[in-house]
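Values quoted throughout were computed directly from the atomic coordinates according to the rules given, and no laboratory measurement underlies them. This structure is a prediction, so every number in the text was calculated from the model and none was measured. With ideal geometry, Cβ positions are generated from the backbone for all residues, glycine too; neighbour counts draw on all protein chains shown.
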Amino acid sequence: MFKFIHAADIHLDSPLRGLERYEGAPVDSVRQASRRAMENMVDLALREQVAFVIIAGDLFDGDWKDYNTGLYFVRQMSRLAESGIAVFLLKGNHDAANKLTKSLPLPDNVKVFAHKSPQTFRLDEFNVSVHGQSFATGDVKDDLSANYPAADAGRVNIGVLHTCASGRDGHDSYAPCKLEGLLSKGYQYWALGHIHKREVLNKEPLIVFPGNIQGRHIRESGRKGCSLVTVDDRNSISEEFVELGVMRWENVTVDLSGLKTEDEAFSQISMALDSALQEAEGMPLAVRVHLTGRTALDSGLRSVRKHWTESIRALGLDRGSDRVWIEKVKIETESVLVESSEHFDGPLAELLLVITETAQDTDALNELQDELADLRTRLPAELGESKMLASNEWIKSSLVDVQQLLLDKLTKPLSTASK
């Protein structure tokens, strides 16, 4: 029996994105998150006395800023070398053969897959054959697995591949392949990379995306880590997820339906943050708070966003600045007047209808983008270059804000008169 680690998409020294600096925010404690996650992986390998480690692409996020990134990796691999643990490294789209201009000699225990054609490494001690091919460039569109060799008879065969598989939302289509093609090779395990969300594509034989080892932004939320794979004395293979990340990104939704005061809202938000912390079991959190529901607070939320954002950050700091970092606050509430807006008539009804139809009309949104293009040339450089202003999603979100504010402002006299 032996064990091995299957990891991917380490993106060493890649910065965590979307975290604004503000007083009390734990910038320093998360700056080295990818390194600390890698150290956790090496610690796991030593603790479990694994036979080898597989890194299925994107060890690096691109060319190194300086040699310290490479030196750090060499130091961690040397720790494994001292215990006789081999490392099989495949290059993906971010660290393809043509992308890294800097390099350093690697310890002898690190074996890098060739990029011109598939390569097989054989470990006779464990009766294992490991097959793989690195990316030659960062834009591989061919199915690399099609040229992988057939399984070595009588051995445990492991395929290592950086791929989008049949395609996944949010990921570029690199080295696409089909499940049937992978199964046809007769391998006992496929160690995949590129998709940052853990997914088991097939159970027998196991075909696994372990996900990345540390989330870097809100779209990489939840637990992050690697697969610890066990091969028993009958060559039966099982795997388990092991968390390696040192902090998590989480979306926390707070329903403010029916609430009328800030104190009520802050109490609800506080409970939601406490619940998220409890589920994290001590893991520091970067949180995006989504405020939802139909509430009388809607107008105030939209008109003084900064106040609400900083107040919620204060609630996070109250729980310990090293425990909760409020990444962003999203206002997704509705005015209590929306429910009855269909009963409006006259100019107000027409105005609301125009706003609603514009938000659903791609041509209209594109026209607004063209008009904003001229506006951007008149804005300060830091605002004029903002991608946000050129986004249809931003325009749609702004139209929703306008609709909610108009409902509140234009109907206040009616509400007052009714009283």
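Please name which of 258, 268, 335 has its Cα lying farthest along the dipole of segment 247-336 towards the positive end, using unit charges on Cβ (Lys, Arg +1; Asp, Glu -1) and the Cα centre as origin.
335
How far apart, in nm, are the 7 Å Cα→Cβ label points at residue 235 and residue 275?
Result: 5.0 nm between the two label points.
Between residue 166 and residue 305, what length in nm is gained on full extension when 0.36 nm per residue of separation is reduced by their alpha carbon distance?
Difference between extended and current length: 45.9 nm.
How high is the relative contact order of segment 79-221, in percent, with contacts defined as C-alpha pairs under 8 Å that are six or more residues apart?
For segment 79-221, the relative contact order is 17 percent.
Using Cα pairs under 8 angstrom and six or more residues apart, how large is the relative contact order of segment 158-300, in percent?
Across segment 158-300, relative contact order equals 16 percent.
Could you sort out which of 3/99; 65/197; 91/178; 3/224; 3/102 sit more than 24 Å apart by Cα distance in this structure?
3/99; 65/197; 3/102
For residue 184 and residue 392 in the same chain, what is the full-extension length gain: residue separation times 0.36 nm, less their Cα-Cα distance, in nm?
Residue separation times 0.36 nm, minus the Cα-Cα distance, leaves 70.5 nm.
Along Cα→Cβ, 7 Å out, is where each label goes; now give me the distance between the ones at residue 296 and residue 204 in nm to one decimal.
If labels sit at residue 296 and residue 204, their model points lie 6.2 nm apart.
Can you sort 269, 55 so the residue with the fewest Cβ neighbours within 10 Å comes first?
Ordered by Cβ neighbours within 10 Å, fewest first: 269, 55.
Taking 0.36 nm per residue of sequence separation and subtracting the Cα-Cα distance, how much length would be gained by fully extending the chain between residue 67 and residue 283, in nm to one decimal?
74.7 nm
Which residues among segment 104-142 fall inside the zone where the amide N is under 15 Å from a point 7 Å beyond the Cα of residue 74, along Cα→Cβ?
Correct set: 104-110.
Run the simple label-point estimate for residue 357 and residue 114 please: 7 Å along Cα→C-beta, distance reported in nm.
It is 6.5 nm.
Within 10 Å, count the other beta carbons around each residue, average over each peptide in 297-304, 192-199, and list them highest first.
192-199, 297-304
If R₀ is 41 angstrom, what is the calculated FRET efficiency for the pair residue 23 and residue 83, using the beta carbon separation as r and rounding to 0.05?
That pair, residue 23 with residue 83, gives E of 0.40.
Can you return the aspartates and glutamates within cross-link range of residue 203? Criterion is Cα-Cα under 20 Å, with same-chain partners fewer than 8 residues away left out.
The reachable aspartates and glutamates, counting only those whose Cα sits under 20 Å from residue 203, are 180, 232, 233, 239, 240.
If r is the Cβ-Cβ distance from residue 369 to residue 263 and R0 is 45 Å, what FRET efficiency results, to the nearest 0.05?
0.65
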